[in-house]
Each structure stands twice: as C-alpha cells, then as structure tokens.
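One structure is given here, and the rest of the page talks about it.
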Amino acid sequence: MTDSHRIDASVETLYAMADEVNSKPFGAMTPGYYLNEELVKTWENVIISRFDSREHLIKCLLASCYIPMYSMGYRGLPPIINDEECIDGGMTNNLPTFSDIRTITCSPFSSQADICPEDLSTRNVTFANQNFKASSENLYRGARALFPPSRNILKQYYQMGHDDAERFIQRNIIT
C-alpha cells in the first residue's frame, strides 16, 4: 500500500487548503482559485495517462478540475491543451471505466459506484454517465463539493469514505 505518514500529510494538506478557502470573504467564490478531461468543441471525453512534460501535466491537472462558470467566472477561458480547450471530464463522464481491466468506481455521492455512501432513496437520476440516488443528502454533498466545509466536517467525510471503502473490501473479499 503506502506509508501512512504520507497519507496523513496529504490529508493535512487538503484540510489546510479547505481552511484557506473558508477564510476568504467569499469562500470558494473568492477570485484567485483555479484530472479526466473533456474537449470543449466536441464534448469528447479523453483519458490522459502520459504527459510530455511537467508543464503538460500541470495543464492537464488544471483542466481536470475546470468547471465552466464556476472556476473562472462566466468570462473565464478553460485551459488549452494541444490547441484544444479542455474542461473537467466529469461534465460528461464522471465515472470512466475501462473495458480491458476491472475498474473500481468511487464516488462521494450515493450511486451505483462500487465505493460510495449508502442513502435510502429508491429513485435515481443520471448525470454525466453516473447514476445518482435522488436524495437530499446528495444535493447537500454536491453543494459541499463546490463550497468546502469546515475542517471538522471534512474529517467526518474522510472517515465516511474510509468506512465506505472498507465495506466494499469486506463485501468483495479483497485481500
């Protein structure tokens, strides 16, 4: 697996980022905050796994989290990679899978993903190639994805994600 100290350091970095965003006057909407990508002209989903340079990797990372209108306002231009405007691939395919290998899907939303929260709702809605449970909990999670919660709530989410992953491993007898 990986060194638990590195995981702890990474989690602490994410908590610190959320603390910084929450300290700003307008939170995530404060100007100045900027991976599966999507070509804007064709809405074609593209998976990138090889990077020509560090700069190419950084552009791909920026594009992978670029949400139109939210990331840079309504006048903001998406990152350009290989002469193509690219945005977050989750806009058309939030859970890409591969036909030649087993893909374990993971989602912060209650859905049909392998690892996800379990809500009681029996109604479903499909968006960006992902089937979600139609629940108030998922609406709340969506809002929290755009506007980071406090560190205490992030810690609860981290624990819930850990518990969801553990449940998947136990149900599928993965060792």
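Please treat every number below as a calculation from the coordinates, not as lab data. Computed from a predicted model, the values in this text were never measured in an experiment. Neighbour counts run over all protein chains shown; Cβ positions are idealised from the backbone, glycine included.
Check Asn124: other-chain or 5+ apart residues with amide H under 5 Å from its amide H, H built from backbone geometry?
Ala134
R0 = 45 Å: FRET efficiency of Asn172 with Asp83, Cβ-based, nearest 0.05?
0.60
If you take the charge dipole of segment 44-139 about its Cα centre, with +1 on Lys and Arg Cβ and -1 on Asp and Glu Cβ, which of Gln112, Leu139, Ser53 is farthest toward its positive end?
Going by the charge dipole, the pick is Leu139.
Using θ = phi - 60° and the Karplus form 6.51 cos²θ - 1.76 cosθ + 1.60, what ³J(HN,Hα) does each residue of segment 63-68 get, whole Hz, x for Gly and Pro?
Taking θ as phi minus 60°, the curve returns 5, 5, 10, 8, 10, x Hz for segment 63-68.
If amide hydrogens are placed 1.01 Å from N in the peptide plane, which non-local residues have theirs closer than 5 Å to the one on Thr105?
Sorted by chain and number, the residues that satisfy this are Asp114, Ile115.
Collect residues whose amide H, placed 1.01 Å from N in the peptide plane, falls under 5 Å from the amide H of Asn131; neighbours closer than 5 in sequence don't count.
Result for Asn131 returns Gln112.
If I model a spin label as a point 7 Å beyond the Cα along the Cα-Cβ vector, how far apart are those points for Met72 and Leu139 in nm?
So the label points at Met72 and Leu139 sit 3.2 nm apart.
What does the extension gain come out to for Thr126 and Ser150, with contour length at 0.36 nm per residue minus their alpha carbon separation?
5.7 nm
Distance from the Cα centre of segment 82-141 to that of segment 54-69, in angstrom?
If we compute the Cα centre of each part, the gap is 20 Å.
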